[in-house]
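Participant: Pasting in a structure now, in C-alpha cells, and then I'll have a few things to ask.
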Amino acid sequence: MEIINRRQRMSSVSRKVRRELDKTIGLVPTMGALHEGHLSLVREARRMCDVVIVSVFVNPKQFAPHEDFSRYPRDLTKDTMALSDYNVDYIFAPPAEEIYPKGFSTYVEVERLSEQLEGAARPGHFRGVATVLTVLFNIVRADFAYFGQKDAQQTLVVKRLVRDLAFDTEIVILPTVREDSGLALSSRNAYLEPEDKRAAAVIYRALSHAEAAYSEGERNGKKIADMIRADIEAEPRAEIEYVSVNDADTLERLDRLDDRSVLIAVAARFGKTRLIDNIILNKTSKTGQLVMP
Ligand code: AMP
C-alpha cells in the first residue's frame, strides 16, 4: 500500500494501471476517520476491481464557515492501519493545495437535486461535493466509484454529475452500515456524548416504525412524516431539523405514496452534533447493484 499526496503522482499511477497494466480501478472517496461503513465500500471495491484507491481528503469546500471543518476528526495513521487489512493498493491523501491549486476558480453545480434537504440546510455543500468529486474523478479516472446510501442525496447528486458531465466512471451505491442499536455509523458519531449516542438510536427506530406502517398500507406522506417526528420528539435529547418524504430518484416531495421508490430522510441534532439518516421504501433498484438514473 502506497500513500500518495501529489495529484500528479496519483494521475500517473492510475494512468499506468489503466493503460500499461490494463487493470480496472475502484475509487472510494472518503474524508477519513474510517469506520465499518467506509470499509464496506472498500470491501466491495476490492471484490470488483483489480486496483483499489481510497482517497482521504477533508474537503474544505463542502463545509460552511460555521461548520465543523476545523474539528473534523483527522488521523491518517489510524486510517492507514484500518486499510492495511483490506489489501488497498493506494491511499490518496492530498493536502488542500493539490486538489485546489492557487487561483482555483472552477465549480460544479448540480442544479435542483442540490437545493433541498441537505442542500437547503447546508448551502454550498453539494457544490463543494460535486467540485471535489470532479477533480478526484479526473485525477483517478476510476472504472468504479463507491458511495454509501447513508448520504442518500449525495448518491443522487453524484449519479447526476457523472451522467451529465459524461464521466467514464460507474457509481456503485452500498447499504448503510449500522451499530446494533440501529444508529448509522458516521465519523461524526465520535462527537456524541455517550447519552446522546444512546438517544440517537431513536432515528432508526422511527424510520423502521415508518417502514412498518408503509408495509401495512399507509400511503399518506404527511402521516408518515408526522409519525417519525412524534417518535423522535419523544426523545428529549433530540432536536429535529427535518423529516422528509420524497421521490427517491427526483427528490420531489410526496404527499401521496404510489408505486415509486420513496426516500424518507431525517436530520436531527443531539447536543451540538448533527446526524442524518434515511431509508428507502419500495426500492425498484436493488441497493448494492449499479444504480444509475
Ligand atoms: P465520508 O467520509 O463521511 O465523506 O463518507 C465517505 C463515504 O462513506 C460516503 O460515500 C458515505 O456515504 C459512506 N458512508 C459513510 N457512513 C456510512 C455508513 N454508515 N454506511 C455505509 N456507507 C457510509
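Participant: If I ask for residues that are surrounded by fewer than 13 Cβ atoms within 10 Å (Cβ to Cβ) and either part of a loop (DSSP other than H, G, I, E, B) or in contact with a Cys (Cβ under 9 Å, 6 or more places away or on another chain) (or both), which ones from region 58-84 would you list?
Facilitator: Answer for region 58-84, where residues must be surrounded by fewer than 13 Cβ atoms within 10 Å (Cβ to Cβ) and either part of a loop (DSSP other than H, G, I, E, B) or in contact with a Cys (Cβ under 9 Å, 6 or more places away or on another chain) (or both): Pro65, His66, Ser70, Arg71.
Participant: Within the set of pairs 6 or more residues apart or between chains, which connect a residue that is closer than 24 Å to Val110 by Cα and more than 13 Å from the ligand (Cβ to nearest atom) inside region 166-186 to a residue that is part of a loop (DSSP other than H, G, I, E, B) and at pLDDT below 95 with Cβ atoms less than 8 Å apart?
Facilitator: Hits for this filter: Glu170/Met292.
Participant: Go through region 32-57 and give me each residue that's closer than 20 Å to Arg7 by Cα and either polar (S, T, N, Q) or assigned to a loop (DSSP other than H, G, I, E, B) (or both).
Facilitator: Once the filter is applied, which keeps residues that are closer than 20 Å to Arg7 by Cα and either polar (S, T, N, Q) or assigned to a loop (DSSP other than H, G, I, E, B) (or both), region 32-57 yields Gly32, Ser55, Phe57.
Participant: Then there's this: Just one of the numbered conditions (1) farther than 18 Å from Phe63 by Cα; (2) in the same structural domain as Ile25 (by TED's automatic domain parsing); (3) buried (at least 17 other Cβ atoms within 10 Å of the Cβ); (4) away from the ligand (no atom under 13 Å from the Cβ) is not true of Gly148; which one?
Facilitator: Only one criterion in (1) farther than 18 Å from Phe63 by Cα; (2) in the same structural domain as Ile25 (by TED's automatic domain parsing); (3) buried (at least 17 other Cβ atoms within 10 Å of the Cβ); (4) away from the ligand (no atom under 13 Å from the Cβ) is unmet by Gly148, namely (4).
Participant: On to the next question. Could you identify the single residue in Ala210, Ala230 that is surrounded by fewer than 16 Cβ atoms within 10 Å (Cβ to Cβ), in the same structural domain as Leu281 (by TED's automatic domain parsing), not in a strand (DSSP E or B) and not polar (S, T, N, Q)?
Facilitator: Sole residue among the options that is surrounded by fewer than 16 Cβ atoms within 10 Å (Cβ to Cβ), in the same structural domain as Leu281 (by TED's automatic domain parsing), not in a strand (DSSP E or B) and not polar (S, T, N, Q): Ala230.
Participant: When residues of region 233-261 are filtered for being in a helix (DSSP H, G or I) and small (Gly, Ala, Ser), how many remain?
Facilitator: Matching residues across region 233-261 total 0.
Participant: Can I ask one more? For Val88, indicate whether it is in contact with a strand residue (DSSP E or B) (Cβ under 7 Å, 6 or more places away or on another chain), farther than 29 Å from Ala268 by Cβ, modelled with pLDDT of 95 or more and more than 16 Å from the ligand (Cβ to nearest atom).
Facilitator: Here the answer is no, as Val88 does not meet what is asked.
Participant: Being without any contact (Cβ under 8 Å) to a residue 60 or more places away in the chain, hydroxyl-bearing (Ser, Thr, Tyr) and surrounded by fewer than 19 Cβ atoms within 10 Å (Cβ to Cβ), is that true of even one residue in region 12-29?
Facilitator: Yes, the conditions are met somewhere in region 12-29.
The values are calculated or read from the model by the stated rules, or taken from the named source; none is laboratory data. Just so it is clear, the structure is predicted and the values come from calculations on it, not from any experiment. Methodologically, a virtual Cβ is constructed for each residue, glycine included, from the backbone with ideal geometry; neighbour enumeration extends over all protein chains shown.
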